[in-house]
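All remarks here apply to the structure that follows.
Here, each number is a calculation from the coordinates, and none is a lab measurement. Because the structure is a prediction, the values reported are computed rather than measured. Methodologically, a virtual Cβ is constructed for each residue, glycine included, from the backbone with ideal geometry; neighbour enumeration extends over all protein chains shown.
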Amino acid sequence: MQIKSPEFKENARIALKDVGLQKALGNLKAGFPEKRAVAVQRMPEFHDMRDEARDLKNHILENLDIYLEQFESKVTENGGHVHWCRTSDDARKTILDICKQVDAKTVTKGKSMVSEEINLNEYLEENGVQPIETDLGEYILQLRKDHPSHIIAPAIHLNLEDVSEAFHEHHKKPKSDDPAVLMQEAREELRTKFVNADVGITGANFLVAETGSTIIVTNEGNGDLTQTLPKTHIVITSIEKVVPTLEDMTLFLRLLARSATGQEFTVYNTLSTGPRREGDADGPDNFHVVLVDNGRSDMVGGEFHEMLRCIRCSACMNHCPVYGSVGGHAYGWVYPGPMGSVLTPQMIGIEKAGNLPNASTFCGKCEEVCPVRIPLPKLMRHWRNNEFEKHLSPKAVRWGIAGWGFFAKRPKLYRQMSNTSNWFMRTMAGKRGRINSLPLAGGWTDFRDMPAPSGKTFMQQWQKKQGDK
Amino acid sequence: MSVNSSPIRVGLFVTCLVDMFRPSVGFATVKLLEQAGCTVEVPEAQTCCGQPAFNSGDRDTTRDIAKQTIEAFDGYEYVVGPSGSCIGMLHYFTDLFDEGDPWKARAEDLKKRSFEITSFLVDVLDFDQILASFDQKVTYHDSCSGLRQLGVKGQPRKLLGKVEGTELAEMTEAETCCGFGGTFCVKYPDISNRMVSNKTGFADEAGAQTLLGGDLGCLLNMAGKLKREGKKMEARHVVEVLAGMTDTPAIGEADYDLGKQL
Amino acid sequence: MSKAEILGNIRRGLRRGEANEAQRAAVHNRLNAKANNLVPKRAQLPHTEQVALFKSMALEAAAEIIELNEHSEVPQAVADWLHVNQIKELVSASDAVLNEMDWSPLGDIQRVERVAQAGDMASLTTTFAGIAETGTLMLHSRGESPTTLNFLPDIHLAVLRRSTIVGPYEDAWKMIRETFGTALPRTVNMVTGPSRSADIEQKLQMGAHGPRTLVILLIND
């Protein structure tokens, strides 16, 4: 997908005025956070499990190479293949190769954010293989030539009317505004596609080293039809998703659905382990796991190491007031919200993605809800440190901080400067007690008044009081 | 609480916003601390906690300010300030120094001694002898750093419960960020505006006459919005109410005495 | 080539070369121990209460439950259900326990044993276990029970023996390992209620791509 992160400010401005989007974002706010809160209430051990999950992820990362090799050897033992792909390009080519090897014409897809990350669909289409999104949200987006704006609920930015129109145009059925009818239409449309696909591509929420399995956590059943019906099953996933045992996977599963949608457990949690066995009546002959790196191994042991704990639940963006105001597309790439603000600069560069870690008040709500306790504001601040060191922050910011810093480090000069500014603002405010328009602070006064200082500075008044004693 | 032979010596961390915009918050803080049996001094070598530099990625400037602040507050039993974000920033000083650097130990020490005012009164001094009265319906905004970094939630409410005549009506989303975020509000004004509009809307719905909070940055932001929207609700820092110092105009209200101090 | 680069990069980040003996041993110990992490108290109950919990959680997830005393009652229960819903064909797994039942109550409803196809209205399978913690069925792929039976038809009827209901997921994994070791079947499914999606305006709709209806025939064995 085209990168639009540099235009974040403009994207945000447009998003704030987009009535349809704002209505859709209202649904998000009312839904996921409330539901998560209820689910957390029902599981008294939830916060202790978060601690365990954080510690387990840290252990996994310390031994990531060993667990990945173990995973690969089990997959191979079971008759599957593991492909290690350092770059997006490697991954795309690998997947296309597999498709060409089996002469694939159509490929059904379960939802996969990693496939968005590597821009898989466009590449397959360019090379004569037709990808068919089957997750309802992704299916709608594919019809509209649109992209996900959320990592769990990809079409969350759309309203009923948008879906209604898209289906009417593509399904050639009478236009309906009944969600049940629309879902039935999608169900019917995709049935034959599932059955006829040559290759099925799913993602993986976790990879289990003990058994060489991949697991998908879903509600619709499309992922399951995708991993069962075609002759070839490709799992596209990334290197940090490996977990040691089925019990370890279970710890994360308990946190995932509750953090994401507030469900106790999603409808379908499906472990795939290799191709069909002797005697199986269905299932693919070929099982491939494509392990994507794309910058993740660079994060190991570095200042963004903790971001590798992420289990892609979306709790952070669901609770973020910035995401809640502007939606996911404003962030301009694949991963939005707080987790996107840390990952995007890593993957596409801080030069393009600089706005993202800056467009945060560091309110800390994301960290509060993260199931694996990633210190997201701290990591965003690390990006700001990097920008500052590389002189990438806007000049006005650097000079402003430098100027202010000059005074802040010299208390006596600071007192003089602040006494002067104080006097100046009181004069501007006059009897009103507030200022409507401040030079250099249009960002503030465009939208709100600036309360005036209420008198001389505290230090001036305090010194006077001490003097009077 | 043990009976001390000598009063607790507290260094007041004024905060740059209180110093500039609303000294009464500083005086109210002093009054409360003295009521609680502390002696309060105000070290002169303080200017700002350093948040603006820290959150802009300028660790060097932040480090310089940290050292200055650590030194200024050396020797005080406690360091108390009327702001969750500023005291939170003092706690972050430990992140600025490497293991083995003597400054790191000094920063750890400062962290142990530094408290937001309502948390200090309730958690450290177990003090709740509030003598004030404020005959109004109020609502309370939980500033982010105070809430999430320092655990300030119940303490201001407990103390407000002791103010005669005050009725606390909780607003929807009291814990949601008001959109100030330091430089955020001028760097991303459209988004900040949306957040503060949501906040003033919820505060309005709570039906309160006065909006209270523990951080002047948030309060200036919300008061400025309330005034621009023409809403009647006023905004004050919670210590003003707790210290019984509510006879002066609220934040951003017209003050005809201002002229006299020119 | 890519593999060596990726592993090399990971190791560089961890400030080490290849893992040493002790590190490998620690990892292998963890893999072999298969220790439980924190197991919530919720499903750590006496069996009767686990069964009650299973039922209430499965109902909450919108599954239907029909309680029977014996396997022999299954054909009549299935026939009744299919008649009410005017379904003429049942695609079935071929487990011995199903084949041994007397299917005459079906009358003119056809019971066929094959993989499921698009257009199938109803399927019947057995289950491996029931997990009380969230009212979840555990099933797995095998010759007698193609995975498509669990997903393609509109309605999935699943026979669950009360004696195979466990509390937490961990107990189900122990059962799986007793049967398969670490050589799992191709697919292990955990199914909690019927298929659904909230992708249209966050409003929950049943029956996205998997079955619209899940009927659990609970045999009180």
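Points to keep in mind about this one:
- Antiparallel content of DSSP bridges confined to chain C, in %, to 5: 30
- 3J(HN,Hα) from dihedral phi, segment B:135-141, Karplus parametrisation 6.51/-1.76/1.60, rounded to Hz, x for glycine, proline: 7, 8, 8, 10, 10, 10, 9
- For trypsin sites (Lys or Arg not before Pro), the sites in segment C:134-221 that DSSP calls loop and that have at most 15 other Cβ atoms within 10 Å are C:203.
- Share antiparallel - DSSP beta bridges, the protein assembly as shown, percent rounded to 5: 25
- Span per principal axis, largest first, for the Cα atoms of segment A:239-287 (Å): 38, 24, 18
- Residue (of A:44, A:6, A:63) at the positive-pole extreme of segment A:1-90, dipole from beta-carbon charges: A:6
- Average Cα contact separation per residue, chain A, under 8 Å, 6 or more apart, as relative contact order %: 20
- For chain B, the Rg and Dmax computed from alpha carbons only, in angstrom: 18.1, 55
- Taking Cα centre as origin and charging only the Cβ of basic (Lys, Arg, +1) and acidic (Asp, Glu, -1) residues, the dipole magnitude of the protein assembly as shown rounds to 3580 debye.
- Divide the volume of the convex hull around the Cα atoms of segment A:395-468 by the residue count and you get 93 Å³ per residue.
- Positive-end residue of C:39, A:32, B:150, charge dipole of the protein assembly as shown with Cβ unit charges: B:150
- Kirkwood-type hydrodynamic radius, segment B:130-242: 14.0 Å, calculated from all non-identical alpha-carbon pairs.
- Fewest-first ordering of B:144, B:218, B:38 by other beta carbons within 10 Å of each residue's beta carbon gives B:38, B:144, B:218.
- Of the cross-linked pairs A:57/C:55; A:111/C:203; A:9/B:225; A:464/B:104, those separated by over 26 Å at the C-alpha level are A:57/C:55; A:464/B:104.
- Since only B:10, B:29, B:91 are under comparison, the one whose Cα sits farthest along the positive direction of the charge dipole of segment B:8-123, derived from C-beta charges on Lys, Arg, Asp and Glu, is B:29.
- Cysteines in chain A that lack a partner Cβ within the 4.7 Å cut-off: A:85, A:99, A:310, A:313, A:320, A:370.
- More than 13 angstrom apart: percent of Cα pairs within segment A:41-84: 66
- With a Förster radius of 30 Å applied to the beta-carbon distance between residue A:55 and residue C:1, the computed FRET efficiency rounds to 0.30.
- Translational D in µm²/s for segment A:313-439 (Stokes-Einstein at 25 °C, 0.890 mPa s, Kirkwood Rh from C-alpha pairs): 144
- The value of relative contact order for chain B, using C-alpha pairs under 8 Å at least six residues apart, is 19 percent.
- Kirkwood hydrodynamic radius of segment B:10-66, from inverse mean 1/r over distinct Cα pairs, in Å: 12.6
- Alpha carbon Rg of segment A:120-250, scaled by the compact-globule rule 2.2 N^0.38 Å: 1.16
- Taking each residue as 0.36 nm, the span from residue C:65 to residue C:45 lengthens on full extension beyond its C-alpha to C-alpha distance by 5.1 nm.
- Sorted largest first, extent of the protein assembly as shown alpha carbons per principal axis (Å): 104, 60, 59
- Which of C:173, A:399, C:81 has the fewest Cβ neighbours within 10 Å, and the rest in rising order: A:399, C:81, C:173
- Calculated on C-alpha atoms, the gyration radius of segment A:258-382 divided by its Kirkwood radius gives an Rg/Rh of 1.08.
- Distance between the modelled labels on residue C:96 and residue A:77, one decimal in nanometres: 2.9 nm (7 Å Cα→Cβ projection).
- Per residue of peptide A:284-294, the mean number of Cβ atoms on other chains within 10 Å of the residue Cβ is 1.
- Semi-axes of the equivalent ellipsoid of segment B:8-123 are 23, 16, 11 Å, computed as sqrt(5λ) over the eigenvalues of the C-alpha gyration tensor in descending order.
- Note on B:112, A:9, A:145, A:109: ascending count of other Cβ atoms within 10 Å places them as A:145, B:112, A:9, A:109, the fewest first.
- Share of alpha-carbon pairs per 10 Å distance bin for segment C:155-219, given as whole %: 17, 36, 34, 13, 1
- Chain C - percent relative contact order, Cα under 8 Å, separation 6 or more: 24
- For segment C:32-79, the fraction of alpha-carbon pairs lying more than 13 Å apart is 71 percent, rounded to a whole number.
- Overall size of segment C:43-219 from C-alpha positions, given as principal axis extents largest first: 46, 45, 32 Å.
- Check: chain C dipole with +1 on Lys, Arg Cβ and -1 on Asp, Glu Cβ, in debye: 1540
- Summarising the amide proton neighbourhood of residue A:80: residues at separation of 5 or more, or on other chains, whose placed amide H is nearer than 5 Å comprise an empty set.
- For the peptide A:49-57, the mean number of other protein chain Cβ atoms found within 10 angstrom of a residue's Cβ is 1.
- Among the listed pairs A:74/A:100; A:365/A:395; A:23/B:199; A:365/A:409; A:352/B:187, those beyond 24 Å (Cα-Cα): A:74/A:100; A:365/A:395; A:365/A:409
- Cβ-defined net charge surrounding residue B:244, 11 Å radius [Lys, Arg +1; Asp, Glu -1]: -2
- Take each residue of peptide A:212-221, count the partner chain Cβ atoms within 10 Å of its Cβ, and average: the result is 5.
- Segment A:142-192: Rg to Rh, with Rh as the Kirkwood radius over Cα pairs: 0.96
- Point-charge dipole on Cβ atoms (K/R +1, D/E -1) for chain A, about Cα centre, debye to 20: 3700
- Computed from the C-alpha gyration tensor, the three semi-axes of the ellipsoid equivalent to chain A are 48, 26, 20 Å, from longest to shortest.
- Tail fraction, Cα-Cα pairs, segment C:75-137, threshold 15 Å, whole percent: 55
- As a rough guide to protection, the peptides B:9-19, B:96-106 ranked by mean Cβ packing within 10 Å, highest first, stand as B:9-19, B:96-106.
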